[in-house]
1. Being within 12 Å of chain A (Cβ to nearest Cβ) and farther than 16 Å from residue B:170 by Cβ: is that true of residue B:77 here?
2. Give me a count of the residues in the stretch A:45-66 that are within 19 Å of residue B:213 (Cβ to Cβ) and charged (D, E, K, R).
3. Of the conditions (1) within 12 Å of chain B (Cβ to nearest Cβ); (2) surrounded by 22 or more Cβ atoms within 10 Å (Cβ to Cβ), residue A:108 satisfies every one except a single condition; which number is it?
4. Among the residues of the stretch B:181-190, are any buried (at least 18 other Cβ atoms within 10 Å of the Cβ) and within 28 Å of residue B:54 (Cα to Cα)?
5. Residue check: is residue A:63 surrounded by 14 or more Cβ atoms within 10 Å (Cβ to Cβ), within 14 Å of another protein chain (Cβ to nearest Cβ) and modelled with pLDDT under 95?
6. So, residue B:63, is that one of a type in the set (Ser, Thr, Tyr), crowded, with 22+ Cβ neighbours inside 10 Å and farther than 25 Å from residue A:20 by Cα or not?
7. Only one of B:88, B:17, B:25, B:33 is farther than 26 Å from residue B:166 by Cβ and surrounded by fewer than 19 Cβ atoms within 10 Å (Cβ to Cβ); which?
8. If you check B:95, B:64, which single one turns out to be under 30 Å from residue B:194 (Cβ atoms) and either acidic (Asp, Glu) or touching a Lys or Arg at 6+ places or on another chain (Cβ under 7 Å) (or both)?
Amino acid sequence: MDSYDLLFGGGRWWIPLSEGALTTVTIAASGFVLGAIFGSALALMRLGGNAVARRLADIYTTTLRGIPDLLVIYLLYFGGSGALGLIGGFFGATGFIGIPTFATGALALGVVSAAYQAEVFRGAFKAIARGELEAGRACGMSGPAMFRRIVAPQALRFALPGLGNVWQLILKETALISVVGLVELMRAAQVGAGSTRQPFLFYLSAFVLYLVITSISGRLFARAEAICARPYRRA
Amino acid sequence: MDFRFLGETFMTLLAALPLTLYLALVSSICGALGALVLALMRLSSARPLSLIARAYVFVFRGTPLLIQLFLIYYGLGQFRPSLQMLGLWPFFRDPIYCTIAALAMNTAAYGSEIVRGGLAAVPRGAVEAAIACGMSPGLRFRRVVLPLATRIALPAYGNELIVMVKATSLASTITIMEVTGIAGKLIAETYRTMEIFACAAAIYLLINFVLTRLVLTLEWWMSPDRTTRRVLEQIGETKVKVTA
């Protein structure tokens, strides 16, 4: 069978590959959302007045940005499985219980990207003009109203370029989750390479698919930035 | 806490440190040279050259490093007969060479954007002064443009070097037993995840701490003017305080 036939003809390998690509995007999105939640908590800790909280958030970001992500994935996968094994042992189960790989992957991406997203959010918040917050307070706005009307729309605009970078980073990081066996694009390519003995064809196809995903999302982020900048164009 | 186990694990992982450092060092040096070439191509007035550089950067920054590594190590293995005929097989058969090739090609793409920024930020006046002194283009580049651009690009390039140190961990996926590879093996054997993770993390943090110091020292050494030096010394001091 030639390459074309293997992928689109009788081999029909395009199906598992595109399913893998879909999983890649899904897990990246899950990791991104988790990272946004952890990241905003970290940003609040770093912006807040509590010195201990600030210090803890600082240690978290420094550590997570200084160690390989593969180690974090190992920690969560084997650590999580160990914890599950303990719980399972309590109920009489024996042996190794693997924790769901999708959950591990999403959590790992969230934990790692939170360190980067925290910095992005912190910078975006700091970029908001102090005067606007003071004006809001002078008008008698409550805290949540100020957050919704003044802070959130502007912080989002300032944060978008940084968030776009983090998203690209996460997309590329999803490939690492293949090491714990989640069948995303990378793993799907490995499976195809293994069973057809055509590694070059499969890794190249995955390579191209990654390129498509990252360039489409790059375009989308550029569009979103343009939309967010619209109200400020005529100043 | 089992301190004996922690100590033993730390020593086992430390034995793999030279390999991690070797991978990071060689690929960073090759990658920096590649980055410089790519940046010059990108800035050159010859359109094909700048197009090639743009395409290269787009492709390597748009795909995961892991797949680049697999494409080189496993993918090219498919062409073994042709590679053997060309005499290139000993290179592509060796996981260490393949890792270095993948890391260097990857960091060259990211680094070229940093170097390009540095080259673009060289003050126009300095170049004009060099021309006025009658320097030849080669001499001008070597004596004026390159030193200034290096100094401007260094802080950002330091981040790229840290990324490289972390990226060496991917070598473990193609059977190389560097620090992460050993840590993964130990975890799978003993299931003492937390202790082993802590030891491996400590080693990487230590490397990156020393690396940031080195970059800062290099920056200090490359800035003969007093003000920049004073600022750098201040940054250095606060960083020491933060991490101590």
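1. Considered against the rule, which asks whether it is within 12 Å of chain A (Cβ to nearest Cβ) and farther than 16 Å from residue B:170 by Cβ, residue B:77 comes out as yes.
2. 2
3. For residue A:108, the failing item is (1).
4. Taking the stretch B:181-190 and keeping what is buried (at least 18 other Cβ atoms within 10 Å of the Cβ), we get B:181-184, B:186-187.
So of that shortlist, the ones also within 28 Å of residue B:54 (Cα to Cα) come out as none.
Looking through the stretch B:181-190, none of the residues is buried (at least 18 other Cβ atoms within 10 Å of the Cβ) and within 28 Å of residue B:54 (Cα to Cα).
5. Answer is yes for this residue.
6. No.
7. Only one candidate passes the filter, namely B:88.
8. Numbers: B:95 fails: either acidic (Asp, Glu) or touching a Lys or Arg at 6+ places or on another chain (Cβ under 7 Å) (or both).
Sole residue among the options that is under 30 Å from residue B:194 (Cβ atoms) and either acidic (Asp, Glu) or touching a Lys or Arg at 6+ places or on another chain (Cβ under 7 Å) (or both): B:64.
The values are calculated or read from the model by the stated rules, or taken from the named source; none is laboratory data. This one's a predicted model, so the numbers in the text were calculated from it and none came from an experiment. Note: ideal-geometry Cβ built from the backbone for every residue, glycine included; neighbour counts use all protein chains shown.
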